[in-house]
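Q: My questions will all concern the structure given below.
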Amino acid sequence: MPGEVLGNVFRHYFIKTGEWLLGRQKRKLEHLKLALELSDGVYPSGFSDIFPVHMSAPELNYSDVDTSCLYMGKRLAAPLMINAITGGHPETAWINRELAAAAGQAGIAMAVGSQKAALNDYSVRETFSVAREVNSDGLLLANLGACCTPGEALSAVEMIAADGLQLHLNVPQEIIMPEGDRNFKGVLANISTIINTVSVPVIVKEVGFGMSRETVLALHAAGVRNIDVGGRGGTDFVAIELSRTNKKCFDMEGWGIPTAVSLLEGLSLGLEIDFVASGGLRSSLDMARALAAGAAMTAMAGPFLKSLVEGGAGELEKSIRYLIQGLRKIMLLTGSANIRELSRKPIVITGPTAEWLERRGVSINSYARRSHTEV
Ligand SMILES: Cc1cc2nc3c(=O)[nH]c(=O)nc-3n(C[C@H](O)[C@H](O)[C@H](O)COP(=O)(O)O)c2cc1C
């Protein structure tokens with residue numbers, strides 16, 4: 001059972017601690033352990049403020065509703081991705097193997113976790129490349145911090161024959177970690193250089209703190225055309241880092257922008273950017289809300305990790321299947337024959353999400369007044 005395997009991982013880890021584990025590898029295992037133990041952050045993602053409008057007479061056959069999409073040149077069964085989670089310690093290989101196999105079987109996308117460890121230590125490359133071995137045709141994304149060098153970016157892409165590269169921004173997490181980075185100068189110029197160096201599309205992503213309109217504008221000016229807003233409301237890396245170091249927080253608890261707000265702020269700019277909605281998405285309804293708002297892709301990390309570790313590969317496969325089936329049902333209920341139609345259906349934005357957006361000058365009434373017959 002994978003749950004037992006992970007138990008062994010941690011027993012093994014604790015035995016080995018102090019002997020040979022590198023700091024980064026140790027941290028990767030602690031992140032996994034704490035992500036499994038802790039609940040989602042206490043502040044919501046904002047998606048419960050978004051209401052797709054029910055259509056009682058949709059004039060559609062359920063079996064004709066098409067959830068598929070084209071993303072980064074590949075046809076997927078649905079706009080859904082297993083977001084970056086792990087790799088870099090020998091005992092994480094099985095997680096990437098199972099996640100990639102499930103993604104391949106279901107026809108969805110997957111990102112591996114940060115490949116930094118494998119750039120310095122050849123022996124752990126297999127913990128990432130295993131994803132490509134078991135999912136030869138699927139859409140796989142490489143992952144590194146946005147401060148990596150262009151050469152490192154090229155190596156990460158090559159390591160898994162990636163279809164795209166995620167560059168993560170995680171400033172709150174870095175500054176809360178005693179061993180974290182402190183200098184973030186030059187990151188935008190570095191992102192531009194990497195975009196011009198690698199031959200695959202680059203997604204700049206947050207890890208649960210969201211992105212403001214100002215950040216999206218700055219990234220766009222740097223040449224970024226794919227953004228994962230990675231908003232607040234799900235996996236909480238402030239809580240994870242505090243638990244890891246046994247510290248109390250007096251400054252950053254709840255920091256970040258809710259995912260729904262981030263997505264709508266970014267979309268409001270009307271720029272040529274494909275947005276990934278992630279951070280606290282937990283259901284087919286959340287996926288439908290994000291796609292109706294205009295996201296090109298949805299992603300989840302914590303829930304897929306929990307399904308796999310707690311229930312095994314079968315449970316992971318089931319949770320992906322249920323998410324896609326649920327999306328198809330909601331598409332039927334909104335009268336959407338395909339994802340493009342869903343993105344044009346009315347949604348009503350209420351509550352704190354509406355209040356935030358109004359205060360920031362983002363018009364939300366047009367979403368509610370979209371014609372339900374428009375396709
Ligand atoms: C155990 C764990 C490790 C993660 N490691 C990475 C990473 O290496 N790189 C990255 O960009 N994001 C990483 N993330 C962040 C996720 O990709 C995602 O942005 C975040 O968890 C929010 O999504 P969720 O609420 O669906 O979990 C990690 C998440 C988890 C749970």
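The values are calculated or read from the model by the stated rules, or taken from the named source; none is laboratory data. It should be emphasised that the depicted structure is a prediction, and the values quoted were computed from it without experimental measurement. As a convention, Cβ positions derive from the backbone with ideal geometry for all residues, glycine included, and neighbour counts pool all protein chains shown. Remember, those area values only see protein heavy atoms, side chains included, never the ligands or the DNA or RNA. Shrake-Rupley method; radii C 1.70, N 1.55, O 1.52, S 1.80 Å.
Q: Determine ³J(HN,Hα), in whole Hz, for all residues of the range 258-268 in sequence, where each value follows from phi through the Karplus function 6.51 cos²θ - 1.76 cosθ + 1.60 and θ = phi - 60°; x replaces Gly and Pro.
A: Result, ordered by residue: x, 4, 4, 5, 4, 4, 6, 4, x, 5, 5 Hz.
Q: For Ser243 and Ser136 in one chain, what is 0.36 nm times their gap in residues minus the Cα-Cα distance, to one decimal in nm?
A: Going from the current span to full extension adds 34.8 nm.
Q: Per residue of the range 190-195, what does 6.51 cos²θ - 1.76 cosθ + 1.60 with θ = phi - 60° give for ³J(HN,Hα)? Whole Hz please, x for Gly and Pro, Karplus curve as stated.
A: So the Karplus estimates, Gly and Pro as x, are 5, 4, 4, 4, 5, 4 Hz.
Q: Percent relative contact order of the range 128-204, based on C-alpha pairs within less than 8 angstrom and at least six residues apart?
A: 35
Q: Something else: Please list log₁₀ I(q)/I(0) at q = 0.22, 0.29 Å⁻¹ for the range 313-361, using the Debye equation with identical point scatterers on the alpha-carbon positions.
A: -0.81, -0.95
Q: Order Tyr367, Tyr122, Tyr322 by their accessible area, 1.4 angstrom probe, all chains in place, largest first.
A: If we order Tyr367, Tyr122, Tyr322 from most to least accessible, we get Tyr122, Tyr322, Tyr367.
Q: Does anything in the range 95-117 have its amide N under 16 Å from the 7 Å Cα→Cβ label point of Ser68, and if so which residues?
A: What the label zone holds, given the 16 Å backbone N cut-off, is 104-109.
Q: To continue, here is another question. Under 23 Å Cα-Cα from Lys248, which lysines qualify once same-chain neighbours fewer than 8 residues away are excluded?
A: Once the sequence-local lysines are set aside, what remains near Lys248 is Lys26, Lys28, Lys33.
Q: Taking H placed 1.01 Å from N in the peptide plane, check which residues at least 5 places from Ile347 or on another chain put their amide H under 5 Å from its amide H.
A: The answer is Ala368, Arg370.
Q: Moving on to the next point. Provide the gained length on full extension for the span Leu217 to Thr149, in nm with one decimal, where the gain is 0.36 nm per separating residue minus the Cα-Cα distance.
A: 22.2 nm
Q: Hey, can you grab everything whose amide H is under 5 Å from the amide H of Arg232? Only 5+ residues off in sequence or another chain; H modelled, so Pro and N-termini drop out.
A: Under 5 Å from the amide H of Arg232 lie the amide H atoms of Gly210, Ile257, Thr259, each far enough along the sequence or on another chain.
Q: When you have a sec, figure out the Kirkwood radius of the range 201-304 from all distinct Cα pair distances and drop it here in Å to one decimal?
A: By the Kirkwood definition, the hydrodynamic radius is 14.0 Å.
Q: Still on this structure, please answer the following. Determine ³J(HN,Hα), in whole Hz, for all residues of the range 90-96 in sequence, where each value follows from phi through the Karplus function 6.51 cos²θ - 1.76 cosθ + 1.60 and θ = phi - 60°; x replaces Gly and Pro.
A: After applying 6.51 cos²θ - 1.76 cosθ + 1.60, I find x, 8, 9, 4, 5, 5, 5 Hz.
Q: Can you tell me the 0 to 90 degree angle between the C-alpha axis of helix 23-37 and the longest principal axis of the chain, rounded to 10?
A: Computed tilt is about 50 degrees.
Q: Can you tell me the accessible area per residue over the range 2-368, all protein chains present, probe 1.4 angstrom, in square angstrom?
A: 41
Q: Highest mean first, how do 252-265, 31-44, 337-350 rank when packing is the count of other Cβ atoms within 10 Å averaged over residues?
A: 252-265, 337-350, 31-44
Q: Over the chain, what portion of Cα pair distances is larger than 30 Å, expressed as a whole percent?
A: Value for the chain (Cα pairs over 30 Å): 35 percent.
Q: Once the Cα atoms of helix 312-333 and of the chain are each reduced to a long axis, what angle between those two axes, in degrees from 0 to 90 to the nearest 10, is obtained?
A: 20
Q: Based on the mean of other Cβ atoms within 10 Å per residue, sort peptides 272-282, 157-167 so the most packed one is first.
A: The most tightly packed comes first, giving 272-282, 157-167.
Q: If you don't mind, another one. Nearest 10 degrees, 0 to 90: what angle lies between the long axis of helix 150-159 and the longest principal axis of the chain (Cα atoms)?
A: 90
Q: FRET efficiency for Asp181 and Arg359, Cβ-Cβ distance as r, R0 = 25 Å, nearest 0.05?
A: 0.20
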